[in-house]
Amino acid sequence: MSDFVNSPGGDPRGFDKRRHGAPSGFFEAEAAGLVWLAVPGGVRTAQVIDLEPGHIVLETIDEVPPAAAAARAFGAQLSVTHSAGAAAFGAPPDNWSGPLFIGNRSLPAAYEDTWGAFYARYRVLPYLDIALDVGGVTARQSEVVHAACARIEAGDFDDGAPAARLHGDLWTGNVLWSADGVVLIDPAAHGGHRETDLAMLALFGCPYLEEITAGYESAAPLRAGWRARTPLHQLHPLAVHAAGHGAAYGRALEQAAEAVLELPNAR
């Protein structure tokens, strides 16, 4: 049973979100991420109304069904958010020096100059170790993921792009559709590669995904081969899930790592 409680009727000012026993900085990190992601012309984020340890109040979003036009606009806006950049790969939101989280798990901060070194060391391997300990992956599966991470860390897929401003946990549940367009919630915001956010949208099935990517590319074309690299950018969320949600994610993680091992070098 989760100790995380959403109580939309708990505060008349907005959406009352609580977690009993929340670690220090848990909701403060969420608020910092929402503010950092709210760049002019980018995707709208839920406004923070109140913030206390173990408690945050966000504006209430009146949701509507997803639509193709809204999806295209979301894609274009997401490119603007990404283009706002970050101090380094793995860097936390500006003016935030506390802990980071993805879901209920800690998310390591980093200040790497290259994406591959950051991604392997700080976004895949820490969660792979946990998954191995709890049985989410087998020793054989772990070896495949380690082989993929060796290529990633060596820079085989580095393309020289600067760190993008990522939502970091951009699955469909954190994408709210309103009459005024998409609103994002629950970020794990940090500096990373823009394809990672798009890959997470694809992993868990976001409505009108093709319209989202078309809108994105209309504003900021993606580098050739980005679809083939989707498994590369899904290693992180799959490792996180393998660490806490069972062996099915371990198998998916292994398959993604096998796909990475087949990719050509970017250099």
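Of the candidates 144, 124, the single residue that is open to solvent by 10 Å² or more (accessible area, probe 1.4 Å), part of a helix (DSSP H, G or I) and among the aliphatic types (A, V, I, L, M) is 144. Taken over the stretch 111-121, the residue count meeting the criterion of being surrounded by 20 or more Cβ atoms within 10 Å (Cβ to Cβ) and touching a helix residue (DSSP H, G or I) at 6+ places or on another chain (Cβ under 8 Å) is 3.
Which count do you get for residues in the stretch 147-168 that are in a loop (DSSP other than H, G, I, E, B) and not charged (D, E, K, R)?
Within the stretch 147-168, residues that are in a loop (DSSP other than H, G, I, E, B) and not charged (D, E, K, R) number 9.
Cβ-Cβ contacts under 8 Å between residues 6 or more apart (or on different chains), taken from a first residue in the stretch 230-257 that is free of Cβ contacts under 8 Å to residues at least 40 places away in the same chain to a second residue that is acidic (Asp, Glu) and open to solvent by less than 30 Å² (accessible area, probe 1.4 Å), are listed as 230/195.
Looking only at residues in the stretch 127-139 that are touching a residue at least 12 places away in the same chain (Cβ under 8 Å) and either assigned to a helix (DSSP H, G or I) or touching an Asp or Glu at 6+ places or on another chain (Cβ under 9 Å) (or both), which one is most open to solvent (accessible area, probe 1.4 Å)?
Filtering the stretch 127-139 down to residues touching a residue at least 12 places away in the same chain (Cβ under 8 Å) leaves 127-128, 130-131, 134-138.
Then drop every residue that is not either assigned to a helix (DSSP H, G or I) or touching an Asp or Glu at 6+ places or on another chain (Cβ under 9 Å) (or both), which leaves 127-128, 130-131, 134, 137-138.
Values: 127: 6, 128: 0, 130: 58, 131: 0, 134: 98, 137: 7, 138: 67 Å².
So, considering only residues that are touching a residue at least 12 places away in the same chain (Cβ under 8 Å) and either assigned to a helix (DSSP H, G or I) or touching an Asp or Glu at 6+ places or on another chain (Cβ under 9 Å) (or both), the one most open to solvent (accessible area, probe 1.4 Å) is 134.
Summed over the stretch 159-181, the residues that are open to solvent by less than 40 Å² (accessible area, probe 1.4 Å), more than 16 Å from the chain's Cα centre (by Cα) and on the phi < 0 side of the Ramachandran plot give a count of 2. You will find that of 250, 246, the residue that is touching a Gly at 6+ places or on another chain (Cβ under 7 Å) and at positive phi is 246 and no other.
So, restricting to strands (runs of 3 or more DSSP E) that lie completely within the stretch 5-82, which ones have at least 3 residues that are surrounded by 19 or more Cβ atoms within 10 Å (Cβ to Cβ) and either touching a residue at least 12 places away in the same chain (Cβ under 8 Å) or at positive phi (or both)?
Here the list reads 14-19, 55-58.
Answer yes if at least one residue in the stretch 188-209 is acidic (Asp, Glu), out of contact with any helix residue (DSSP H, G or I) (no Cβ under 6 Å at 6 or more places or on another chain) and over 25 Å from residue 130 (Cα atoms), and no otherwise. No, there is no match, as no residue in the stretch 188-209 is acidic (Asp, Glu), out of contact with any helix residue (DSSP H, G or I) (no Cβ under 6 Å at 6 or more places or on another chain) and over 25 Å from residue 130 (Cα atoms). For the stretch 169-180, the set of residues classified as farther than 24 Å from residue 100 by Cβ and in a loop (DSSP other than H, G, I, E, B) consists of 179, 180, listed by residue number.
The values are calculated or read from the model by the stated rules, or taken from the named source; none is laboratory data. The structure displayed is predicted, hence computed values, not measured ones. When we count neighbours, we look across all protein chains shown, and the Cβ atoms used for this are built from the backbone with ideal geometry, even at glycine. The area values use the complete protein model at the heavy-atom level, side chains included, leaving out ligands, DNA and RNA. Shrake-Rupley method; radii C 1.70, N 1.55, O 1.52, S 1.80 Å.
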